[in-house]
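Asks: Can you keep this structure in mind? I'll have questions shortly.
Please treat every number below as a calculation from the coordinates, not as lab data. Computed from a prediction, not measured in an experiment: that's the story for all the values here. Note that we place each Cβ from the backbone using ideal geometry, even for glycine, and neighbour counts take in every protein chain shown.
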Amino acid sequence: MADTPDVLWVPAADQAGPMAEFAAWAHERHGVDTSDYAALHAWSVSDLDAFWAAAAEFLGMRFSTPPTATLGSREMPGAEWFPGATLNYAEHALTPGPGREDADIALLYAREDGLERTVTHAELRDAVGRARAGLVRAGVGKGDRVVALAPNCTETLVAFLAAASLGAIWSSCSPDFGIRAVHDRFAQIEPMVLVAVDGYVYGGKCYDIRPNVTALQAQLPTLRQTVLVPYLDEDATLDDTTPWAEFTAGHAPLAFEPVPFDHPLWVLYSSGTTGLPKGIVHGHGGIVLEHMKALRLQMELGPGERFFWFTTTGWMMWNLLIGGLLVGSTIVLFDGNPGYPDLGTLWKLAERHRVTYFGVSAPYVQSSLKAGLRPRDQFDLSAIRAIGSTGSPLSEEGFRWIGDAVGGSIQICSVSGGTDVCAAFVGSSPTVPVWLGEISCAALGADVVAYDEAGKELLDEVGELVITKPTPSMPVMFWNDPDGTRLREAYFEDYPGVWRHGDWVRRTPRGSYVIYGRSDSTLNRGGVRMGTADFYSVVEGFEQIVDSLVIDTTELGAKEEGALLCFLVLAPGASLEEVEPLLRKALRSELSPRHVPDRFVVVEAVPRTLSGKKCEVPVKKILAGVAPDKAVSRGALQNPDALDPFLALAPGGS
């Protein structure tokens, strides 16, 4: 395809660190070729048993009962990892060791209104022991469910670790979720204890959610206890709740319940754009091993590092962020609006707390770029060695902006994965260069390739992103899916025995990857397929465009090519008459004449899921005449009213 893109970052010639140490150790112990990352990765996917056993040993997995094998069964779905082993996530996160001694800082917490807190490991262990005792008094034990309607704060982390220490199953929602969205998630798993805040702060405003908590109590009949965290007001009360201070009043020593490797750790959820969100269940062992591999090797986090990623408790990146404790890093928790009072907020946080690994979303990078920010000129960001980006493909302009406006020596770690595996299967390595617009490599142990429709592997061509071999953090099950039917339909229906993720990807001869967007919302014009990410990078590069949504109706089953529609959210003062000719010219020259929309339509907002994804597929279904309630669940949307213009355009709409 295209020529080799510019190299924006290269590893030091004498690069040393955990990845290099692991490569040398694997060569010495296993006699495998680890001369470069490509060779190490090839071994990691060709000999799953040897690689994952080596990773578990090198990374210091704590087995209460040792496994009888590495991989009992390798069939997908249904792979059986480390049969016979028992362990506990919380034990890995809380046991004293490098970076986790009593005086070491476990977490730095900051809220948008200036509230901050520093918590040492001694304090964290004490708090978890107290919360654990509260859960025991409530009757919580192994397999019971504990849920939280709470932000990215200390108490949420404490409650999770306490639940995990007991072998209870955790699930969380961000407090800005609506009642129906929370109910649709939590009701499925029948929780015993709900931990909730009295409210939250966002964009300079305080929101009291106690009425939501009361409503949820009435809708969740399995609740035995609701614990109220006074997050906005230290004197906050609510009927039929237990104050957090009372719940954690009793001191108790920490203990860790050994559970099987695949014992459920937490339940995450699919976007829920159609029907109820699917409850995606991950196991203790798979998450511990996958997160330690990702954090320690791919990201080289460990003692002395400060790890930040902007996230809420309703996104899987929260689960990865708190995993920093597994490798002895200090985790930096931020709660609030990343753009309040301005887009410098997170960069200021990075300066104040000397963040070394700074993670955000691609849209945040794009917003900073469009706002003309040059953080390196305003803040001391010398501690940052790597910037992580996920959530959507990072544009070439975003790559260049980081190098120019943030720091030329910073490694740009664009990564892609999903809630489904609670991990990134393509990302970065400290031993692999960063090429403009590309994700550097596949993660160790992840056999990521592109398939055509017949299941033939493609190189340097766009195809379906598939994973051909099992990885430990793939779901152990979907909740309420006893025979695994929904799990198979979600990932294994198109290519039996192979995980189809639902993204378009191109694997380059360099071993890097380019993600083009969801394969079920691809623009297919005259046989030329293109991901929506390419389209958005052009359209949203205009300062007159705040947001956009592109829909190719051809994929809805029409015998002839359907219309290509582009919906635009305009910046204040901008007009469609002014910007449309410019858009058409840019799309024609930068994409292709086939990808110039038949029609541009101005809307007030683009419908997005609670996790921030554009609702491309649901809107396509609505425009094809699918009943709205079958196309999308309004409770799964950030902005349900944003659907109205699309309903009006649907067959029979008004």
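Asks: Around GLU438, which amide H atoms from residues at least 5 apart in sequence, or from another chain, sit under 5 Å from its own amide H, with H modelled in the peptide plane?
Replies: none
Asks: OK, next. Taking the inverse of the average 1/r across all pairs of different Cα atoms in the chain, what Kirkwood radius in Å do you get?
Replies: 25.5 Å
Asks: Output the antiparallel fraction of DSSP beta bridges having both residues in the range 101-337, as a percent to the nearest 5. Mind dumping the intermediate values first?
Replies: Working: 14 of 39 bridges.
Of all bridge pairs located within the range 101-337, approximately 35 percent are antiparallel.
Asks: As an exercise, use a Förster radius of 25 Å and the Cβ-Cβ distance of ALA563 and ARG180 to find the FRET efficiency, rounded to the nearest 0.05. Provide the component values of the computation, followed by the final result.
Replies: Numbers: r = 33 Å, r/R0 = 1.31.
Once the sixth-power term is evaluated, E becomes 0.15.
Asks: Indicate the gyration tensor shape class of the range 256-344 (rounded, prolate or oblate), computed on the Cα atoms with a ≥ b ≥ c the square roots of the eigenvalues: a/c under 1.5 is rounded; otherwise a/b larger than b/c is prolate and the rest oblate.
Replies: oblate
Asks: Taking amide H atoms as placed 1.01 Å from N in the peptide plane, list the residues 5 or more away in sequence, or in a different chain, whose amide H sits under 5 Å from that of ASP335.
Replies: Counting only residues 5 or more places away or on other chains, the set is ALA110, ARG111, GLU112.
Asks: Looking at the square roots a ≥ b ≥ c of the eigenvalues of the Cα gyration tensor of the range 101-337, which shape do they give, rounded for a/c under 1.5, prolate if a/b is larger than b/c, or oblate?
Replies: Values: a/c = 1.28, a/b = 1.19, b/c = 1.07.
Rounded, because the longest to shortest axis ratio a/c is under 1.5.
Asks: Compute the relative contact order of the range 174-218 as a whole-number percentage, counting only Cα pairs closer than 8 Å that sit 6 or more residues apart in sequence.
Replies: Contact order relative to length: 39 percent.
Asks: Work out from phi, with θ = phi - 60° and the Karplus expression 6.51 cos²θ - 1.76 cosθ + 1.60, the ³J(HN,Hα) of each residue of the range 388-399, listed in order in whole Hz, and give x for Gly and Pro.
Replies: These are the phi-based 3J(HN,Hα) values: x, 9, 8, x, 6, x, 7, 5, 4, 4, x, 4 Hz.
Asks: Continuing with the same structure: More than 18 angstrom separation, counting every C-alpha pair in the range 426-521; what % is that?
Replies: Percent of Cα pairs beyond 18 Å in the range 426-521: 49.
Asks: Assuming a viscosity of 1.002 mPa s and a temperature of 20 °C, what translational diffusion coefficient in µm² per second does Stokes-Einstein assign to the range 196-297, Rh being the Kirkwood radius over Cα pairs?
Replies: 124 µm²/s
Asks: So what are the radius of gyration and Dmax for the Cα set of the range 382-442, in Å?
Replies: Here Rg and the maximum Cα pair distance are 11.4, 35 Å.
Asks: Could you run the Debye sum over the Cα atoms of the range 507-654, one equal point scatterer each and no solvent, and tell me log10 of I(q)/I(0) at q = 0.14, 0.19, 0.22 Å⁻¹, two decimals?
Replies: Per q value, in the given order, log10 I(q)/I(0) is -0.69, -1.24, -1.55.
Asks: Any idea how far the Cα center of the range 499-555 sits from the one of the range 4-35, in Å?
Replies: Each part reduced to its Cα centre gives a spacing of 32 Å.
Asks: Over 22 Å between Cα atoms, which of LYS348/LYS614; LYS278/LYS630; LYS348/LYS370; LYS293/LYS456; LYS585/LYS620; LYS469/LYS630 qualify? Each step should come with its number before you reach the end.
Replies: On the way: LYS348/LYS614 29 Å; LYS278/LYS630 15 Å; LYS348/LYS370 18 Å; LYS293/LYS456 30 Å; LYS585/LYS620 25 Å; LYS469/LYS630 34 Å.
In this structure, LYS348/LYS614; LYS293/LYS456; LYS585/LYS620; LYS469/LYS630 exceed 22 Å between Cα atoms.
Asks: Quick one: Karplus J couplings for the range 604-613, per residue in order, coefficients 6.51, -1.76, 1.60, θ = phi - 60°, nearest Hz, x for Gly and Pro?
Replies: Result, ordered by residue: 7, 7, 8, x, 10, 6, 4, 8, x, 7 Hz.
Asks: Turning to a different aspect of this structure: Tell me, how many Å apart are the Cα centres for the range 194-272 and for the range 581-654?
Replies: The range 194-272 and the range 581-654 have Cα centres spaced 36 Å from each other.
Asks: Take THR156, THR522, THR237 and order them by how many other Cβ atoms sit within 10 Å, fewest up front.
Replies: Details: THR156 26, THR522 20, THR237 11.
Starting with the residue having the fewest Cβ neighbours, the order is THR237, THR522, THR156.
Asks: Report the percentage of all Cα-Cα pairs in the range 351-414 whose separation exceeds 17 Å, rounded to a whole percent.
Replies: Result: 31 percent of Cα pairs exceed 17 Å.
Asks: Quick one: work out the % antiparallel among DSSP beta bridges in the chain, nearest 5.
Replies: About 60 percent, rounded to the nearest 5.
Asks: Now, a different point. What is the gain in length, in nm to one decimal, between ASN480 and ALA255 on full extension, counting 0.36 nm per residue of separation less the C-alpha to C-alpha distance?
Replies: Between ASN480 and ALA255, full extension yields 78.0 nm more.
Asks: Output the relative contact order of the range 17-73, whole-number percent, from Cα pairs under 8 angstrom with separation of 6+ residues.
Replies: Reported as a whole number, the value is 23 percent.
Asks: Right, another one. Counting Lys and Arg as +1 and Asp and Glu as -1, what is the net charge of the other residues whose Cβ lies under 9 Å from the Cβ of GLY167?
Replies: Computed value for this residue: -1.
Asks: Once amide H atoms are built 1.01 Å from N in the peptide plane, which residues 5 or more positions from ASN152, or in another chain, come under 5 Å H to H?
Replies: Here the answer is THR313, since their amide H atoms fall under 5 Å of that of ASN152.
Asks: Same structure, new question: For the range 570-644, state the semi-axes of the equivalent ellipsoid (square roots of 5 times the eigenvalues of the alpha-carbon gyration tensor), sorted largest first and rounded to whole angstrom.
Replies: Ellipsoid semi-axes (Å, largest first): 27, 16, 11.
Asks: Karplus couplings for the range 181-194 from phi (6.51 cos²θ - 1.76 cosθ + 1.60, θ = phi - 60°), rounded to Hz, Gly and Pro as x?
Replies: 4, 5, 4, 4, 8, 6, 4, 4, 9, 6, x, 9, 10, 10
Asks: Something else about it: How big is the range 17-73 in terms of Cα radius of gyration and Dmax, in angstroms?
Replies: Computed over the Cα atoms of the range 17-73, radius of gyration and Dmax are 11.8, 34 Å.
Asks: Relative contact order of the chain: what whole-number percent is it, with Cα pairs under 8 angstrom and at least 6 residues apart?
Replies: With pairs under 8 Å counted, the relative contact order is 13 percent.
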